[in-house]
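Enquirer: Following this message is one structure expressed as structure tokens.
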Amino acid sequence: MKLDTVELVIDLKSLSRGINRGVFIIPLDKVEWNIEDLEPSESKGTLELMVDYGDDAVLCSGWFDAQFQTPCARCLEPVSFSISEEIYREYTWSPDPASDEQREVIPQSGKLDIFAAVQEAVLLSIPGKPLCSPDCAGICYN
Ligand SMILES: [Zn+2]
């Protein structure tokens, strides 16, 4: 299985029928995350993927582990946090309009874009009120 680790795109042609497994090192600082106030605090993350290439659908599941940072809600110093989230996407060649299954259509190019799934995992992991330390006094006391 081939994954473009910067664009986070799987090439369907690199998959064999049935279950495909792979563990990929993601160069976190090269990926365009497009999330406000957020950047990787380590240059590498890990994406573990299992892709089931079937006749009418491709099921992509996996696990994303990485370290990111976001400003402290009080003093704006960067706060590092870990991400360890499951990702899941279903793709199909011909979606059934009568079905309410959330399946994405596989493009002609055969490139499965899993960026949104990984970005979602990052978004889900951002702490609600990040603090550099529980007793951070805030910006006025620095
Ligand atoms: Zn702080």
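Values quoted throughout were computed directly from the atomic coordinates according to the rules given, and no laboratory measurement underlies them. Bear in mind that the values here come from a model prediction, so they are computed numbers and not experimental data. All Cβ positions, even for glycine, are placed from backbone atoms using ideal geometry, and neighbour counts span all protein chains on display.
Enquirer: Between Tyr88 and Glu32, what length comes free when the chain is fully extended (0.36 nm per residue of separation minus the Cα-Cα distance, one decimal in nm)?
Expert: 18.1 nm is the gain from fully extending Tyr88 to Glu32.
Enquirer: Moving to a separate point now. Note down the relative contact order for the chain as a percent, whole number, built from C-alpha pairs under 8 angstrom at least six residues apart.
Expert: After rounding, I find 22 percent.
Enquirer: Counting other beta carbons within 10 Å of each Cβ, put Asp96, Asp52, Asp135 in order, fewest first.
Expert: So the ranking, lowest neighbour count to highest, is Asp135, Asp96, Asp52.
Enquirer: Going by alpha carbons, how many degrees (0 to 90, nearest 10) lie between the helix axis of 115-125 and the longest principal axis of the chain?
Expert: 40 degrees
Enquirer: Measure off 7 Å from each Cα along the Cα-to-Cβ vector at Glu42 and Arg17, then give the distance between these two points in nanometres to one decimal.
Expert: 3.9 nm
Enquirer: Along the Cα→Cβ direction, 7 angstrom out, place labels at Lys129 and Phe115. What is the inter-label distance in nm?
Expert: Between Lys129 and Phe115, the label points sit 3.4 nm apart.
Enquirer: For Arg89, Arg17, which order do you get if you count the other beta carbons within 10 Å of each Cβ and list the fewest first?
Expert: Arg17, Arg89
Enquirer: I would also like to ask the following. Taking Lys30 as the anchor, which lysines have their alpha carbon closer than 26 Å to its alpha carbon, excluding any fewer than eight residues away along the same chain?
Expert: Lys30 reaches Lys2, Lys13, Lys44, Lys111.
Enquirer: Compute the longest continuous run of the chain that contains no exposed GluC sites (Glu not before Pro); treat a site as exposed when its DSSP state is not H, G, I, E or B and it has at most 10 other Cβ atoms within 10 Å.
Expert: 37-100
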